[in-house]
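Structure first, then comments.
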Amino acid sequence: MREYLQFYIDGQWVDPIEMTTTETINPATEAVSGKIALGTKADVDRAVAAAKKAFASWSQTTKEERLALLERIQAEYEKRQSDLGAAITEEMGAPQALAQGFHCALGAGHLGTAIDVLKNFDFEELKGQTMVRYEPVGVCAMITPWNWPVNQIAVKVFPAIAAGCTVVLKPSQEAHFSAQIFTEIMDAAGVPAGVFNLVQGKGSVIGTELSRHPDVDMVSITGSEGAGIEVARNAADTVKRVTQELGGKSALIVLDDEQFAENVGKGVAG
């Protein structure tokens, strides 16, 4: 059984301020498969403070320095893909072939894309007589869902780091095993202290505190419409940048016409 009872803050694995845990259920077997620690406001404050401190230096790094880090992460990611796939199967029930294949490949793909884009991205662009400079937003809070755990972490975290931002990640309470392994990858790659931080816990606690924290500059959430409404409401007082991907997906509407049987078959296969 897996036990993840520490958070990753300021480049270190640390105990929660207050130790409260919850059990994780494997959806395939309905058996207890692990235990995680649940964070509090104090843990969020500690993580955000680390990210804010690190932003002062990380935001000033060169493109070459950020590329070197992303390439080190890429090397470590390749070493741990089988571990990520096993964790995804255990935490959210994806068949092994899907978890080891498409799930892990998506994470690797987003990392490769971040590297390719950064190599060719100009942070200063002259438009007529105006110089446009692209600058990192600041401390970014990333809230991710259970259904594509590594994909959603990767698509948020890697572009943020490439841009010079620092990150506090809050993964789904139901799918957190892969987030822990992802964090081990970041640590092994030598991510500078405070650039990437992980706090596990309930969305109603950690998500709320991140979205209203005065030192968080941007919050990105993939989740339910209700959670998105709360994040937007909590972020309003500090005028954060908020990006959201909300609600259900992949709706399938089959019409009663000559292609009915064909489309039902495609839907089931899909």
Looking at this structure, is GLU124 of a type outside the set (Lys, Arg) and within 22 Å of THR183 (Cβ to Cβ)? no
Where the second residue is part of a helix (DSSP H, G or I) and of a type in the set (S, T, N, Q) and the first is in contact (Cβ under 8 Å) with a residue 40 or more places away in the chain and within 20 Å of LYS63 (Cβ to Cβ) and lies in the stretch 124-149, which pairs have Cβ atoms under 8 Å and are six or more apart or on separate chains? none
Residues to consider are ILE206, ILE153; find the one that is β-branched (Val, Ile, Thr) and free of Cβ contacts under 8 Å to residues at least 60 places away in the same chain. ILE153
Residue among ALA47, ALA54 that is within 20 Å of the chain's Cα centre (by Cα), of a type in the set (Gly, Ala, Ser) and under 19 Å from GLN173 (Cβ atoms): ALA47
Residue by residue through the stretch 10-24, note down the ones that are touching a residue at least 60 places away in the same chain (Cβ under 8 Å) and aliphatic (A, V, I, L, M). none
Looking at the stretch 62-77, can you tell me whether even one residue there is touching a Leu at 6+ places or on another chain (Cβ under 8 Å) and among the polar types (S, T, N, Q)? yes
Does at least one position in the stretch 15-22 carry a residue that is touching a strand residue (DSSP E or B) at 6+ places or on another chain (Cβ under 7 Å), of a type in the set (Val, Ile, Thr) and assigned to a helix (DSSP H, G or I)? no
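Taken together, the values in this text are just the output of simple stated rules run on the coordinates, not laboratory data. Just so it is clear, the model here is predicted, and its values are computed rather than measured. Don't worry about glycine lacking a Cβ; one is built from the backbone with ideal geometry, like all the others, and counts go over all protein chains shown.
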